[in-house]
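One structure is given below, encoded as structure tokens.
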Amino acid sequence: MTKPVIAVDGPAASGKGTVARKIAQKLNYAYMDTGILYRGVAFEVIDQGLSTKDKRDVLDAGKIFVKKLKNAINTKTILENPRLRDDDIGNAASKIAALPKLREILNDLQKDFAKNPGDQYDGAVLDGRDIGTIICPNADLKLFITAETTIRAKRRVKELQSKGIDATYGTVLDDMRERDKRDSERNDAPMTRAEDAIIIDNSTLDADETLELALKYTKERLNL
């Protein structure tokens, strides 16, 4: 890695995506939300009428998705599809992410991005579940953003309701606990904090305070 790389990991609704994206903007780093790749594959599975329980279906969808990305003139048309942010896609993505062969396909995309963020950028920021442990184990800075499950569930309910989606706290909390369990207990690349990652628990922090703390660690570690 010839340019600095920042790895940002954490569970769903922890705010890691917001932190990673804003750090990238402030430092002129390229940004990748790696979770959107799995959401993209999950969307292809559902859109193609395939099954998330069938390994061959998932791998076929993964190959379709990667081919679309590589052939796209502008990948934003694929990666910024608002459907990818829907909860059913997120839950499906969490399920298919446990498939090792799919992870192999998507890991290459992530590693290439970290190594080659583009001449116009000064570094790369990636967020996900296994960036600091699997994708970029030698990252210059590793952050693990987290919060209490109940707090994250409340945030998700608020987010869904702001989009006009009917959501109840109990259902969202149950789904989040199940997703956390699935992400952390899968055999291949489970969600876990890298030993050298800095933990930011933002249970009692708002978005601005979380970003301020993350930027403080970033500037200290990268000597900015």
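A few notes on this one:
- Placing +1 on each Lys and Arg Cβ and -1 on each Asp and Glu Cβ, with no other charges, gives the chain a dipole about its Cα centre of roughly 380 debye.
- You can think of it this way: the chain between Ala72 and Asp60 has 2.5 nm of extra reach, that is 0.36 nm per residue less the Cα-Cα gap.
- Subset of Lys111/Lys216; Lys115/Lys142; Lys115/Lys216 violating a 19 Å alpha-carbon distance limit: Lys111/Lys216; Lys115/Lys216
- Note on Glu195 and Leu224: the extension gain reaches 8.1 nm, defined as 0.36 nm multiplied by sequence separation minus the Cα-Cα distance.
- Mean ellipticity per residue at 222 nm, deg cm²/dmol - from DSSP H runs of n ≥ 4 across the chain, formula -39500 (n - 2.57): -17000 deg cm²/dmol
- The alpha-carbon of Lys163 sits under 19 angstrom from the alpha-carbons of these aspartates and glutamates, leaving out residues fewer than 8 places away in its chain: Glu80, Asp86, Asp87, Asp88, Asp175.
- Ranked list, fewest to most other Cβ atoms within 10 Å of each Cβ, for Leu141, Leu59: Leu59, Leu141
- Residues of type aspartates and glutamates that Lys219 reaches as a straight line, Cα spacing below 15 Å, ignoring anything fewer than 8 places off in the same chain: Asp122, Asp140
- Looking at the range 5-222, the DSSP beta bridges with both ends there are about 0 percent antiparallel.
- Candidates per chymotrypsin sites (Phe, Trp or Tyr not before Pro) in the range 98-195, loop by DSSP, up to 16 other Cβ within 10 Å: Tyr121
- Mean Cα-pair separation over length for the chain, i.e. relative contact order, pairs under 8 Å, 6 or more apart, %: 34 percent
- A simple spin-label model places the labels of Asp119 and Lys163 3.8 nm from each other, with each point 7 Å out along Cα-to-Cβ.
Computed from the coordinates by the stated procedures, all read-outs in this text should not be read as laboratory data. Source: prediction; values computed, not measured. Note that each Cβ is placed from the backbone with ideal geometry, even for glycine, and that neighbours are counted across all protein chains shown.
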